[in-house]
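Shown next, in structure tokens, is the structure this report addresses.
The values are calculated or read from the model by the stated rules, or taken from the named source; none is laboratory data. Because the structure is predicted, anything quoted here is derived from the model rather than measured. Cβ atoms come from the backbone with ideal geometry, glycine included; neighbour counts cover every protein chain shown. Ligands, DNA and RNA are excluded from the accessible area calculation, which covers all protein heavy atoms including side chains. Shrake-Rupley method; radii C 1.70, N 1.55, O 1.52, S 1.80 Å.
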Amino acid sequence: MPAPTAPDGTTEAQMDVILVVLAIVLAGLLVLVGASVRVVTQFERGVVLRFGRLRGDPRTPGLTLIAPVADRMHKVSMQVVTMPVPAQDGITRDNVTVTVDAVVYYRVFDPVRVVVDVQNYQAAIAQVAQASLRSIIGKSDLDDLLSNRERLNQGLELMLDSPAVDWGVHIDRVDIKDVALPESMKRSISRQAEAERERRSRVITAEGELQASEKLAQAAEVMAAHPAALQLRLLQTVVEVAAEKNSTLVLPFPVELLRFLERATPPETDAGTPAAADGLPTPRTTTPPVVTG
């Protein structure tokens with residue numbers, strides 16, 4: 001029995017072959033489109049190489065088309081990368097063994113250079129960072145590593161940025177995180193800090209005593225010029241002591257008061273004077289020696 005024919009004269013078998021061919025062509029087109037379409041995210045740039053040669057400018061974010069067989073696209077991230085630098089052992093300029101680690105912040109500003117000029121820019125930045133950190137350790141004193149890190153960070157950033165610019169990478173920031181010291185050096189620094197604090201306390205105490213002695217000398221001069229000031233000071237001391245509700249009051253008797261009373265007492269006269277009449281003792285007088293020729 002003959003196979004049924006379509007109105008245009010084709011048989012059913014021929015229709016099946018045509019459908020298969022159309023399906024194969026459609027699948028091939030889908031595969032071709034899938035191999036040609038690339039998606040570049042917002043923080044990336046695409047560098048296209050056609051048969052190994054650079055093809056135009058870097059591709060911007062969004063959908064982009066490339067030749068399926070001839071083109072190869074390398075995506076480069078433009079984000080800031082945080083790269084920790086492993087701890088490096090070194091000897092400072094004042095011969096102290098330390099272990100220093102750091103962190104580097106960098107980003108790519110030229111994706112073409114990153115792909116073309118350097119094989120692996122991340123590994124290159126890591127190696128340069130380790131070498132620069134060792135160099136900084138050897139050029140610095142221990143005190144600089146402990147207290148002057150801002151200047152060292154700037155110097156380390158300049159050392160890294162010099163070769164990185166040629167690779168299309170910009171160094172944003174470099175920070176020294178930690179400086180590990182031997183235990184013996186930690187004890188020495190602790191003793192040094194303790195001695196420094198002791199010196200400062202002694203200097204402050206001596207300065208206080210000097211200022212107090214100067215003020216006391218000025219007060220003594222005022223009291224010497226005005227004896228009544230000493231009496232007022234004595235009375236003020238008595239008032240301050242009496243405010244404590246003490247049952248016993250020890251009152252010093254100043255020598256200046258005796259001198260004041262001595263100056264205030266009139267001189268004694270002979271026996272006929274009122275002083276002798278009151279029964280007060282008369283001063284003993286001596287007769288000067290008589291010299292005869």
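Are there any pairs with C-beta distances below 7 angstrom linking a residue in region 101-119 that is among the basic types (K, R) to a residue that is open to solvent by 20 Å² or more (accessible area, probe 1.4 Å) and at pLDDT 90 or above, with the two at least 6 apart or on different chains, and if so which?
R107/M78; R107/Q79; R107/V80; R107/V81; R107/H170; R107/D172; R113/W167
Here is a yes/no grid of residues against (1) touching a residue at least 24 places away in the same chain (Cβ under 8 Å); (2) closer than 29 Å to I171 by Cβ:
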residue: D16; (1), (2): no, no
residue: L22; (1), (2): no, no
residue: R38; (1), (2): yes, no
residue: Q42; (1), (2): no, yes
residue: G56; (1), (2): no, yes
residue: R59; (1), (2): no, yes
residue: A67; (1), (2): yes, no
residue: H74; (1), (2): yes, yes
residue: R93; (1), (2): yes, yes
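If you take the residues of region 165-195 that are among the β-branched types (V, I, T) and closer than 22 Å to Q88 by Cβ, which of them is nearest to the chain's Cα centre (by Cα)?
I176
When the residues of region 45-71 are narrowed to those that are among the charged types (D, E, K, R) and in contact with a strand residue (DSSP E or B) (Cβ under 8 Å, 6 or more places away or on another chain), which ends up most open to solvent (accessible area, probe 1.4 Å)?
Once the filter is applied, the top-ranked residue is R55.
Being modelled with pLDDT of 90 or more and out of contact with any helix residue (DSSP H, G or I) (no Cβ under 8 Å at 6 or more places or on another chain) is the requirement here; does V103 meet it?
It is true that V103 is modelled with pLDDT of 90 or more and out of contact with any helix residue (DSSP H, G or I) (no Cβ under 8 Å at 6 or more places or on another chain).
If you go through region 119-141 one residue at a time, do you hit one that is acidic (D, E) and in contact with a helix residue (DSSP H, G or I) (Cβ under 9 Å, 6 or more places away or on another chain)?
No, region 119-141 contains no residue that is acidic (D, E) and in contact with a helix residue (DSSP H, G or I) (Cβ under 9 Å, 6 or more places away or on another chain).
Just for region 76-94: of the residues that are open to solvent by 80 Å² or more (accessible area, probe 1.4 Å) and touching a helix residue (DSSP H, G or I) at 6+ places or on another chain (Cβ under 9 Å), which one is nearest to D117 (Cα to Cα)?
If we take residues in region 76-94 being open to solvent by 80 Å² or more (accessible area, probe 1.4 Å) and touching a helix residue (DSSP H, G or I) at 6+ places or on another chain (Cβ under 9 Å), then D89 is nearest to D117 (Cα to Cα).
Working only within region 158-197, note down all residues that are closer than 20 Å to N120 by Cα and either open to solvent by 40 Å² or more (accessible area, probe 1.4 Å) or in a helix (DSSP H, G or I) (or both).
Within region 158-197, M159, L160, D161, S162, P163, A164, V165, D166, W167, H170, D172 meet the criteria.
I'm trying to understand the selection: among the residues of region 111-138, which are open to solvent by 80 Å² or more (accessible area, probe 1.4 Å) and in contact with a strand residue (DSSP E or B) (Cβ under 6 Å, 6 or more places away or on another chain)?
Passing the criteria: only R134.
For every residue, the table says whether it meets (1) touching a Phe, Trp or Tyr at 6+ places or on another chain (Cβ under 8 Å); (2) farther than 30 Å from L146 by Cα; (3) hydrophobic (A, V, I, L, M, F, W, C); (4) modelled with pLDDT under 80.
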residue	(1), (2), (3), (4)
R200	no, no, no, no
Q218	no, yes, no, no
V238	no, yes, yes, yes
S247	no, yes, no, yes
V250	no, yes, yes, yes
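Answer with yes or no whether L152 is within 24 Å of the chain's Cα centre (by Cα), in contact (Cβ under 8 Å) with a residue 24 or more places away in the chain and more than 30 Å from S77 (Cβ to Cβ).
Against the criterion (within 24 Å of the chain's Cα centre (by Cα), in contact (Cβ under 8 Å) with a residue 24 or more places away in the chain and more than 30 Å from S77 (Cβ to Cβ)), L152 does not qualify.
Is region 224-232 home to any residue that is under 53 Å from the mean Cα position of the chain (by Cα) and either within 20 Å of L258 (Cβ to Cβ) or in a helix (DSSP H, G or I) (or both)?
no
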